[in-house]
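**Q** The following block contains the structure, expressed as structure tokens.
What follows is calculated from the coordinates using simple rules that are stated; it is not laboratory data. This is a predicted model, so every value here is computed, not measured. Positions of Cβ are backbone-derived with ideal geometry, glycine not excepted, and every protein chain shown enters the neighbour counts.
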Amino acid sequence: MNRLHSFFLVTAILTPLAVFAQTPPKLVIYEPFGPQSVADDAVRMVQPDLEAQLKGPVEIRHAAFHPGAGGTVIDFVRDLPSDGHSLAAVELETELTYELLHPADKETLEKLTPIALLTDSIALALGAPNTSPIHDWESLKAATKNRSLTVGHVGRSAGMVVELSWLETALGTHFSDRIEPGREGILNAMAQGQADLGLLAAPTLFSNPLAPLPPVRAILTFGPHRETRLPTVPTFAEISGNRNASVVGSVAVFGPPGLSEAQRRDLTALFLAVNKDPKVRRTEAAMDFSPSVSGPDTVRADIQRDLRETSADLKALRVKPDSEQALPRH
């Protein structure tokens, strides 16, 4: 079925009112998946307006965290410095969903504090180096008949299991996994011959206002329709003949447990105001981001839909949500 993967922008501010009261005010945003990842792009897209609203700097720091490195995304948010100005921007796809599907984490959903939905309709793409003989679906099929291919990605438990399983079923093969912490690592693995292919967010595979064009060609995408900036690249739904075999992602903003309603309202108002700026809208359009600014209720509804549809996809793939295959406990 069509389903919504969640590239959540998880924002944790331990004492947000203190942030605005600082002289000068300051925010530090920790982003664990590296430069030019979707979460990094989302933060940089609103960074200038956030700074204008705060009348102070918004610093982005890339932290050393990824699925399998120890801890969970939930831990990552909980363990932020309690200094009053630290945030976490986490590109999750369905990592949070997978954690919430695990019996030990189901109650955590009630403790999350959604702030706002920033954008949605972000699809993954399967890419290959420009120098690779793999340039389309037919050449990919031919390559899988000759040898086992290695795919670079952030982890099957990080929301990649469905796309990889779809591909493996359609191609009659099983990929070797090259697990990398983010976009930069995946691109380096392909450049160094350590991965034949890479799973990356489609907007990071074409030139946009925030990133140069990488030396990678898109083979297919996993959205319900072709990307505007990649009009000749087919979707997996087209190739497979299954119009429901599509996935899109969203970027949402969260606060940690314990935020007061007044604090949440202040943060929601801040992000909604920033995201209405025409410059932000133009950047979103250039990156094929679909504007979808809305409040906490929409975020909660999207999480619940994501949980239902991810559970259905895992069941169809015969992967148990609490199995080590789908959910290694970090």
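**Q** At a 10 Å Cβ-Cβ cut-off, how would you order M190, M160, fewest neighbours first?
**A** Ordered by Cβ neighbours within 10 Å, fewest first: M160, M190.
**Q** If you plug each phi of region 269-274 into the Karplus form 6.51 cos²θ - 1.76 cosθ + 1.60 with θ = phi - 60°, what whole-Hz ³J(HN,Hα) values come out, in order, with x for Gly and Pro?
**A** With the stated coefficients, region 269-274 comes to 4, 4, 6, 5, 5, 4 Hz.
**Q** If you don't mind, another one. Treat the count of other C-beta atoms within 10 Å as a stand-in for reagent exposure and order R156, R243, R183 from fewest to most.
**A** Final ranking by Cβ density, sparse to dense: R243, R156, R183.
**Q** Can you list the residues, at least 5 places off or on another chain, whose amide H is less than 5 Å from the amide H of L118, using H built in the peptide plane?
**A** V251, A252, V253
**Q** Where a ≥ b ≥ c are the square roots of the eigenvalues of the C-alpha gyration tensor, would you call region 124-240 rounded, which needs a/c under 1.5, or, failing that, prolate if a/b is larger than b/c, or oblate?
**A** It is rounded, given that a/c, with a ≥ b ≥ c, falls under 1.5.
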